[in-house]
Amino acid sequence: MMPLYVLEICSNIYSYECYSNSMVWSVQWNRELAKLQQEHSCRNYTVVVTDGTCSSAAATGNLTVNALPTVDAGADQAVCSGDTVTLTGKSTLFSNALSIKGIMDLNAPSSSNDGKAIHLVANEDIADLSIYGFNNSNNGGGSDGVEWSFPIGSSASAGDDILVYRIGTDPNFFSNYFGSCWSNFEQTFNDATANSVLTMNGDDPMELFLNGVVIDNYGDVNASAMPGDPYEDSWAYRNADGTWTEGGEDCDVESPDQYTVTSSGCPYPLCSEVPITFTWNNSVTNESSFIPTATTTYTVTGTDGNGCTGTDQVDVTVNTLPTVSAGADQAVCDGGAVTLSGSGASTYAWDNVVTDGATFTPTATTTYTVTGTDGNGCSNTDQVMLL
């Protein structure tokens, strides 16, 4: 049986080329099979390949189907001609501003109570983190409500990886364990209350709350303890497609124990995760301001560490500026009254304490400027001189 050397594809790919014995074989996957592969990644599948001359051979292998990244180009925008725009692509799987990314019960020295943490990720800017909290539902059996909340005054920026961890015998356990990867967590929290909550034993569900209402969870708090201790001396990690990968019981145990992510038999995925990169069409650079010249649809492509891509679009409408007129220059006699009225827009604001359409008496030769604003919020100016 001919071996397949390429057995990892993106979920939107239904064909690829593999190489065997210096020959290129074209492998075609039908959509129904691709669906099965996406639902049951890493199982054995037998496929038929052909070299284009009607000869074929069967091959069996473990096919990994990688989910496509979820990409968001942001909301459509309307701007005035000459204004700057900044387009930012991001990966958004969850509608919540904060979500659970991982649960840890890492291998640590016996009886130290170190290695226990919850990993959260901010999906958008959060001005007030204190309205969020979580619980650890020991052995399931129902929700325990909010057991720990972020401190008042804390906030987060979109993309922040946030670690709330327990301090046991070694206050530096986590920073030493993660080493250079420790900096991947933009924010870290620990306090005495967290110590009393983060008592997981590898089989406990957890819930995330917003103002006391559950918005996310790992496991079913209404069931009993999770079977098989899926993250005892290990971890659970949420993938880009929302599914969970569990390291499995004792996967972090080493021989001899070194208690570091680099020596672990199953390193925490954040440390090797390649961030999604975003590229735009029309010569736009992600998160860099530019001045659009015409109404345009912009497309962003997000590429993850597997080479899989997702796209999204945003419309930027460029509204023309109103053609504002302050009227013709005027010559008036000393003490004479004048009325200045702008045209070409919806509302008008004059300098020199002049009210649009209201009569006043100028005291000297002056140039008056009117700013007219239209229904789109776009504005332009014009001037008139009173002699």
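A short reminder: the numbers here are calculations on the coordinates, not readings from a lab. Quick caveat: nothing in here was measured; it's all calculated off a predicted structure. Counting neighbours? That spans all protein chains shown, and the Cβs are built from the backbone with ideal geometry, glycine included.
A few points about this structure:
- Computed Rg/Rh of the stretch 277-375, alpha carbon atoms with Kirkwood Rh: 1.34
- Long-range amide H partners of THR366 with built H, under 5 Å: LEU386
- Once the gyration tensor of the Cα atoms in the stretch 98-271 is diagonalised, the equivalent ellipsoid follows with semi-axes of 23, 19, 15 Å, ordered largest first.
- Shape summary: the stretch 151-241 maps onto an equivalent ellipsoid whose semi-axes, from the alpha-carbon gyration tensor, are 22, 19, 15 Å in decreasing order.
- At R0 = 25 Å, FRET efficiency that the Cβ-Cβ distance of ALA78 and SER325 yields, to 0.05: 0.55
- Arranged from fewest to most other beta-carbon atoms within 10 Å of their beta carbon, ARG166, ARG238 become ARG238, ARG166.
- Order of MET226, MET385, MET104 under a 10 Å beta carbon neighbour criterion, fewest first: MET385, MET226, MET104
- Sequence ranges 205-218, 262-275, ranked by mean other-Cβ count within 10 angstrom, highest first: 205-218, 262-275
- Likely footprinting exposure, ASP229, ASP250, fewest C-beta neighbours within 10 Å first: ASP250, ASP229
- Calculated translational diffusion coefficient of the stretch 338-386 (37 °C, 0.692 mPa s; Stokes-Einstein with Kirkwood radius over alpha-carbon pairs) equals 295 µm²/s.
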